[in-house]
Amino acid sequence: MIIYDGTKDSEAYKTLFGRVMEEICAEDPDVVYLDADIMNSIGTLAFHKRNPKQAIDVGIAEANMMGIAAGLSAGGKKPYVHTFGPFATRRSFDQSFLSIAYAGNSVRIFGSDPGVTAAFNGGTHMPFEDLALMRAVPEATVMEISDGAMFEAVLHAIKDREGLTYLRCGRKNYPTVYSKDHSFTIGKGEVLREGSDITVIAIGLMVGEAMKAAQMLEQEGISLRVVDMFTVKPLDTELVLRCAKETKAILTSENHNVIGGLGDAVASVLLESGSCIPFKKHGVYDRFGSVGPQDYLQEHYGLTAEVITENVKALLAKK
């Protein structure tokens, strides 16, 4: 059930992650959790102290962590690994590509604080390129989490998933979108709000902004369809094409570089299908990260409901 009303989840995602990770390890003794010395930042330190055999701190050695996870998978274990997004992807990309994906191992990688959610950690810790990197890995599954109900459900759902799985989300909280009992299917998008004039396909942080924009535009008589495309790879091409046919205009919105992320994935589907409709990618326009409060950074990079409404109106003028 969709229950969005603009209020944020009551539980911080770093608290949720620690709780759920411990639950998964208790349910399945083959699950092993690995972290690169930031357990205190993601809510798993207490779990590590209680169960050091299933929760292992490898130190500030992200590339080695991927190699260890690959070895554990080859030995029959089910590793989950966590570190900040840039270190989970660009710093350890070769090890993930070769030791995990190419070698046919199954590892679940969680990259936290994507894009502007890195806030005061600054530009070096602010990944606007992680989706692009992981989408390029053959047969990888790539997701972005939209709220706490989804985060908890997906963490459980990927336990037995084969291959490399990458998911990203912040450590704080986003607006609540789904009820706790909502059922998610990896590889299928969620239509959060029906609309006839234009579709916004959003992920992660931008899902809440898209829903807010839909409410704003409704006051002006504009009917906005909102889709949460939480699985960026494999993309729900059927839903993309249905939205293109029914609303005849699409805007994508992501807390990521417009190069190589959700927008490019959707654009490829539209071009290869021959869909000639008004289309625009909304996100970070080929820029490096910066430092500051998240609200400031969203304004700085234009990742707001207000900018979504501007883009929607510009696309509608082309219909």
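The values are calculated or read from the model by the stated rules, or taken from the named source; none is laboratory data. Since the structure is predicted, the reported quantities are computational estimates derived from the model, not experimental observations. Cβ: placed from backbone, ideal geometry, glycine included. Neighbour counts: every protein chain shown. Note: areas computed on protein heavy atoms with side chains; ligands, DNA, RNA excluded. Shrake-Rupley method; radii C 1.70, N 1.55, O 1.52, S 1.80 Å.
LYS313: net charge of surrounding residues, Cβ under 13 Å, Lys/Arg +1, Asp/Glu -1, itself excluded?
Neighbourhood net charge equals -1.
How much of the accessible area of the chain, probe 1.4 Å, is carbon plus sulfur, in whole percent?
Roughly 52 percent, rounded to a whole number.
Write down the Å³ per residue value for the convex hull defined by the alpha carbon atoms of region 1-85.
124
What Kirkwood radius, in Å to one decimal, follows from the Cα pairs of the chain?
Its Kirkwood hydrodynamic radius stands at 19.6 Å.
With all protein chains present, calculate the accessible area of HIS182 using a 1.4 Å probe and round the result to the nearest 10 Å².
30
Please work out the Cα convex hull volume for region 75-173 and give it in Å³ per residue.
Hull volume over Cα atoms, normalised by residue count, gives 87 Å³.
Run the simple label-point estimate for ALA74 and LEU241 please: 7 Å along Cα→C-beta, distance reported in nm.
For ALA74 paired with LEU241, the spin-label model returns 4.0 nm.
Ignoring everything but the protein chains, give the 1.4 Å probe accessible area of CYS169 in square angstrom, nearest 10.
0
For region 204-275, rounded, prolate or oblate, judged on the Cα gyration tensor with a ≥ b ≥ c (square roots of eigenvalues), a/c < 1.5 rounded, else prolate if a/b > b/c?
oblate
Nearest 10 degrees, 0 to 90: what angle lies between the long axis of helix 237-247 and the longest principal axis of the chain (Cα atoms)?
Helix 237-247 sits at roughly 20 degrees to that axis.
Give the ranking of ASP130, ASP57 by solvent-accessible surface, highest area first, calculated with a 1.4 Å probe.
Details: ASP130 0, ASP57 60 Å².
Largest accessible area first, the residues go ASP57, ASP130.
If you take every residue apart from SER196 with its C-beta less than 15 Å away from the C-beta of SER196, what net charge results, scoring Lys and Arg +1 and Asp and Glu -1?
So the surrounding residues net to +1.
Solvent-accessible area of ASP286, probe 1.4 Å, all protein chains present, reported in Å² to the nearest ten, please.
110
Only Lys, Arg, Asp and Glu count, each charged at its Cβ (+1, +1, -1, -1), so figure out the dipole size of the chain about its Cα centre, rounded to 20 debye.
Approximately 260 debye in magnitude.
Round to the nearest 10 and give me the degree value, 0 to 90, for the angle of helix 62-74's Cα axis relative to the longest principal axis of the chain.
Long axis of 62-74 versus the principal axis of the chain: about 70 degrees.
For the Cα atoms of the chain, what angle does the longest principal axis make with the long axis of helix 148-157, in degrees from 0 to 90, nearest 10?
The answer is roughly 50 degrees.
Please work out the average accessible area per residue across the chain, using the 1.4 Å probe convention, and give it in Å². Kindly include the intermediate steps, with their values, before the conclusion.
Details: 12650 Å² over 319 residues.
In whole numbers, the chain has 40 Å² accessible per residue.
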